[in-house]
Amino acid sequence: MKPFPLCCVRAVIVKEFRQIRRDALSLMFLVFLPGFMLLLFGYALNFDIKHIPLAVVDEDGSRASRDLVDKFRTTEYFDLKAVLPKTAAIDPILAREDVRAALVIPAQFADDLTAGRSPSVQVIVDGSNAMSGTTAAGYVGAILQSYSQRITLRGLARRGFTDVALPLATEVRVWYNPELRSAKFLVPGLMAFILMVIVTVSTAFSVVREKERGTMDQIRVSSIRPMELILGKIIPYVAISLGSAHLVLLLGEVLFGVGIRGSYPLLLLAMVLFVTGALGQGLLISTITRTQQVAFLLAVLTTMLPTFILSGFVFPLRNMPPVVQAVTYLVPGRYFLAALRAIILKGAGLGAIWNQLLFLAVFAVLSIGTSAVRLGKGEKERPRRRRRGGA
Amino acid sequence: MKAILSIIWKEFVQLRRDPRLFPVLFVSPILQLLLLGYAANLDVREIPSVVCDMDQSAASRDLLGRFVNSGYFTIRARVGRMEDIDPFLDNGKAAMAFVMPRGFGDKLAGGSQASVMIIADGAESQSATIGVNYATMIAGRYAQRVILDRFERIRGGGMKPVLVNAEVRVWYNPELRSRNFMVPGVFGLILMIMTMSLASMGIVREKEAGTMEQLIVTPIRPHQLIIGKLLPFVFIGLVEATFVLIIARGWFGVPIRGSVALLYVLCLAFMLNTLGFGLFISTISRTQQQAMFTTTFFIMPMMLLGGFVFPIENMPRFFQVVSHAVPTRYFFIIIRGIMLRGAGWPELWDQAASLAGLGVLILALSVLRFHKKLD
Amino acid sequence: MPELAIEVRSLSKRFGDFIAVDAVSFDVDRGRIFGFLGANGAGKSTTIRMLCGLLDPTSGTATVGGFDIRREPERVKCVIGYMSQKFSLYEDLTVAENIRFFGGAYGLSKKDLDQRARWVLEMAGLKGRERSLTRTLSVGWKQRLALGCAVLHEPRIVFLDEPTGGVDPASRRRFWELINDLSERGITVFVTTHYLDEAEYCNDIRLIHAGRIVAGGSPQELKTQVIRNPILEVEADRTVEAMEVLQKEPWVLETSIFGTSLHVSVGDEGEGRRLVLDRLGREGIAVRRVDRIIPSLEDVFIHKIEEHTKAGVAEEARS
């Protein structure tokens, strides 16, 4: 009878640490790759949609139309790529994605203006890139609006009405992210995404590798219980992953100014739960596959796209159809990201994120528990392979 | 020739033997597509908002009414004081707030400038920007209206105010259905992840198992070995592509306006790249574990820097240059072009050439690195 | 086909600072069974791998089957068969599938392949097990299958790297019958092993230690010509203690334990016998038997290794 339930965990932990230390490459990967990726993508990516490539067809050619074209040339929201002679030329370059929007100024533009009629300008937007499509339309609208207002006021001024004020001033206040710097939005999302992928992949072949090499038999023969094995495997990885996560946090603060506003202990708790869950997922994958190849494919497929798309990183969860929203409950990145944003940006306390932490805890327990069950069940799979050839 | 066929035959036998590989290869792409195709909805609507009307005049209710009726915002609560807004934004129950200060109506009626405050939760800067844009547009139109009204009162001068209208036409995806945007992207990503992983792992597994040693001691030439190993993955990639296209078209109703044949040809060009990268990874990895790490290291940039979600023109110059070495950059343009815009060879020849060129380069580099030696 | 199947001249392999194979030279006659004997890590596998074209030598030359291993490695591969130390066939393929695959890899026509496949199955005793997954075979059968696949294309030279590792004695015997069979057909067999009893089955042996060849010749030559000093086999209680005692004596040249008895190398037989009985008697260790024996290959081996090690130490002391 074993002295006490979890006594052998220490032995497994020591073995795992030794193995990890010897496998320097894996260690490098787990510790530095997340930080490196944050560095890379933190600089490369942003959510501001600017420099939308634009083409203009000026059928009017008047001073007024050239004036309008200038507005589009000088704004940073658009990149004027081409001034085309006729509308027929739009199709091919739009199809090639050389430009994503086109402006057509009709021939009577200036005439309409002077006559006091309201001219229409055609805006063609590439809908296949829905992200910039809506935004582009919005920008155009805003630019035209400000152009209209200026014309109106100029006209009034010429008639001597110089003290016509703009009737409405809109004061915009953005809380938590005052300059609407997308880094503050991007970095937490990147952090959740990168950590999820790398941590899960790291553990996904931990058990399978032993199965493939045959050392699994050695372990089964010993008196280690499945839960001990799992805890022993996970604890070193949790420690290392936390180190890695802190590196990412540090980089986020130093390079991108995304600092922690809220309570650090709370953040630590969230990180521990999240990392444990991710490790559990990797471990679970490891117990249900037989080859490292499949384990890797499964790990990548269940983390990359789902976390990227369903965690709320880029696409707002609120807008997804109910079925998909239900599925997002299975994505631990979702909870972690919500908790991260709340803590980092809003300085939220336990009251605001207790439900996220709860879900993370549940996920961690489920993934680790299922792995333990499967490891124990593995005993029954052995007899099948015992068909010996005999000597 | 016989050697190549032998290797291809062996690969298929092995693939069939692994019971888990099959579902992962063919079922999971379908699942992913079904799930993710619906996920992205970039039209931001019904942003939960809080209204704080401290004026309670006809004018303030008028403007607030415009916000509400626009469809962009749903009102979660009406409060009387600014401080009451805090809890809603803090807890994420609302993402925006509109505040009408006292005296709004009077100022407007008196011909002076009134102000309205728009508060947004920047923690979701995506929605915040869009929400603020909507709100500013609505306020702007309201302001135009006020100008017009005042103008009529002023009379005289014979000037009519000017409004330049924008007639927006959305091409290729008129209802701006986000699945039309997502599905091509997810298609490319799945194809990339699958084929690259298979290629990198497939060769390294033999190294690790020791069977590679037995292989290279035979007179099989390196190019025969490579072709034999990679061709099955080309086949698998094409089958997956077909499944994805069927679902895209049949289930999601994403159009395929261009030539399907061209699409397949360019998928092949894309796979030149992914398999080439996979092969390269296998030449620098000794164990499957190393191969996995390196593959992950390559997959992530290909996913994020290819212009799928984050437009390349928004990236710093350095990354724009680097993205020329990322095959997904060309492939996404090609896929969107063929599927949604009916683009053909005349429009896409340069993307295709870049894609093929890059693929050949990577493949050649990898083949050069591949020696029939143990060290 | 040249008389010399394999010619090796000063072949060396260096991994960084570590010299795995240090300027080895030897010749292998056609149709002989050539044994490469040595402990693990002595350089046997590295040598084989160089000769098969799996590793590039750091220096030196070798011809296998008439082809230079550096300049024409692919032609070498056409005329050789290779069986690696670690089982290297596909575990997830059946016996028949493995045979079929390697037949295809060697470019055998369908007719030839069928014929050879039948031969291999017969030789390996695997008739009726064609559909078994290779993974399910016991080690002995796996080795025989691997040998079969190595000779599918009827090579003139076969390289076997520790082919009987982990196999029971009966299977080992059977395996060597197969090797003899190949040799009788005129195929040159180059085998490495650390089993000294297997070395007895070879026509020609080289002893390799720390990357260098320390002795060579037929088993008979090695046993009679290498060791000049008589060897006494001593059976006593407390063998280990006895060895420790005798080791310290100046008139004892070498001692080693063989099973439950002690092999003691002395200068003179009669004198040695007296001294042994005397010395051990003083310790109160009862001696049951002292006989002179013909040195076994193991004796030769150990003697040569110690000689080589001492020479190496002296060399280091001098430098």
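Just a few scattered comments:
- A Förster distance of 22 Å, applied to the separation of the beta-carbon atoms of A:LEU39 and A:PHE17, puts the FRET efficiency at 0.20.
- Calculated FRET efficiency for the pair C:ARG30/C:ASP112, C-beta based, R₀ 41 Å, to 0.05: 0.95
- The stretch C:108-193: trypsin sites (Lys or Arg not before Pro) falling in loop per DSSP and having at most 15 other Cβ within 10 Å: C:LYS127, C:ARG131, C:ARG185
- Under the shape rule built on the C-alpha gyration tensor, where the axes satisfy a ≥ b ≥ c, the stretch C:228-294 is rounded, since a/c falls short of 1.5.
- Per-residue ellipticity at 222 nm, computed for the protein assembly as shown from helices alone with -39500 (n - 2.57) per DSSP H run of at least four residues, works out to -18500 deg cm²/dmol.
- Note on A:347-359: average number of Cβ atoms from other chains within 10 Å of each residue's Cβ is 1.
- The mean sequence separation of alpha-carbon pairs under 8 Å and at least six residues apart, normalised by the residue count of chain B, gives a relative contact order of 19 percent.
- Positive dipole terminus of the protein assembly as shown, leading residue within B:ASN165, A:GLY252, C:LEU246 (C-beta point charges): B:ASN165
- For C:ALA236, the residues whose amide H sits under 5 Å from its own are C:LEU262, C:ARG288, ignoring neighbours fewer than 5 places away on the same chain, with H placed 1.01 Å from N.
- Spin-label proximity, B:VAL13 to the stretch C:121-145 - amide N less than 12 Å from point 7 Å beyond Cα toward beta carbon: C:130-135
- Lys, Arg +1 and Asp, Glu -1 on Cβ, resulting dipole of the protein assembly as shown about Cα centre, debye, nearest 20: 2360 debye
- Largest mean-square fluctuation among A:LEU25, A:LEU267, A:LEU247, in a Gaussian network model of chain A whose springs join Cα atoms under 10 Å apart, belongs to A:LEU25.
- Distance between the C-alpha centres of the stretch C:226-299 and the stretch A:70-93: 101 Å, rounded to the whole angstrom.
- Length-normalised contact order for the stretch A:52-158 - Cα pairs under 8 Å, 6+ apart - percent: 29 percent
- DSSP-defined antiparallel bridges as percent of all bridges, the stretch A:11-170, nearest 5: 25 percent
- In a DSSP loop and with at most 13 other Cβ atoms within 10 Å, the GluC sites (Glu not before Pro) in the stretch C:1-96 are C:GLU3.
- Trypsin sites (Lys or Arg not before Pro) lying in DSSP loop within the stretch B:247-349, provided at most 16 other Cβ fall within 10 Å: B:ARG257, B:ARG286
- Over every Cα atom in the stretch A:52-158, the radius of gyration and the widest Cα-Cα span, Dmax, amount to 13.8, 45 Å.
- Cα centre as origin, Lys/Arg/Asp/Glu Cβ charges: chain C dipole, Debye: 1060 debye
- Where only C-alpha atoms are counted, convex hull volume of the stretch B:1-41 per residue in Å³: 64 Å³
- Result for chain C in a Gaussian network model with C-alpha springs under 10 Å: among C:ASN203, C:ASN180, C:ASN229, the largest mean-square fluctuation is at C:ASN229.
- Semi-axes of the equivalent ellipsoid for the stretch C:119-235, computed as √(5λ) from the eigenvalues of its C-alpha gyration tensor and ordered from largest down, come to 32, 17, 12 Å.
- Given charges at Cβ of Lys, Arg, Asp, Glu: the protein assembly as shown dipole, positive-most of B:TRP345, B:PHE73, B:ALA40: B:PHE73
- Its Kirkwood hydrodynamic radius, worked out from the mean inverse distance over all distinct Cα pairs, puts the stretch C:4-223 at 17.6 Å.
- The stretch B:329-375-the stretch C:1-74 distance, computed between alpha-carbon centres (Å): 44 Å
- Cα-projected label distance for A:LEU350 with B:LEU365, points at 7 Å along beta-carbon direction, nm: 5.3 nm
- Dividing the alpha-carbon radius of gyration of chain A by the rule-of-thumb value 2.2 N^0.38 Å gives 1.37.
- Stretching the chain fully between C:ARG14 and C:GLU72 yields a gain of 18.8 nm (0.36 nm per residue, less the alpha carbon separation).
- Estimated inter-spin distance, B:LYS2 and B:PHE243, nm [label 7 Å along Cα→Cβ]: 3.5 nm
- Cα radius of gyration and Dmax for the stretch B:47-154 (Å): 14.1, 48
- Sequence-ordered 3J(HN,Hα) estimates for the stretch C:260-274 from the Karplus curve with 6.51, -1.76 and 1.60 and θ = phi - 60° stand at 9, 10, 10, 9, 10, 9, 10, x, 10, 5, x, 4, x, 4, 4 Hz, glycine and proline given as x.
- Its residues counted as N, the stretch C:105-160 yields a C-alpha radius of gyration over 2.2 N^0.38 Å of 1.12.
- Positive-end residue of C:SER109, C:MET123, C:ILE48, charge dipole of the stretch C:4-223 with Cβ unit charges: C:SER109
- Each semi-axis of the equivalent ellipsoid for the protein assembly as shown is √(5λ) with λ an eigenvalue of the Cα gyration tensor; in descending order they amount to 77, 33, 23 Å.
- Counting, for every residue in A:84-92, the Cβ atoms of other protein chains within 10 Å of its Cβ and taking the mean gives 1.
- Inter-site label distance for A:VAL362 and B:ASN165 at 7 Å from Cα along Cβ, in nm: 5.2 nm
- Per residue, the average separation of C-alpha pairs within less than 8 Å and at least 6 apart gives the stretch C:1-126 a relative contact order of 21 percent.
- Couplings 3J(HN,Hα) of the stretch A:120-126, computed from phi: 10, 10, 8, 10, 9, 10, 7 Hz, in residue order, whole Hz [Karplus 6.51 cos²θ - 1.76 cosθ + 1.60, θ = phi - 60°; x for Gly and Pro].
Laboratory data are not the source of any read-out in this text; all were calculated from the coordinates shown. Given the structure is predicted, the values throughout are model-derived calculations rather than measurements. Neighbour counts are summed over all protein chains in view; Cβ atoms, including those assigned to glycine, are modelled from backbone coordinates with ideal geometry.
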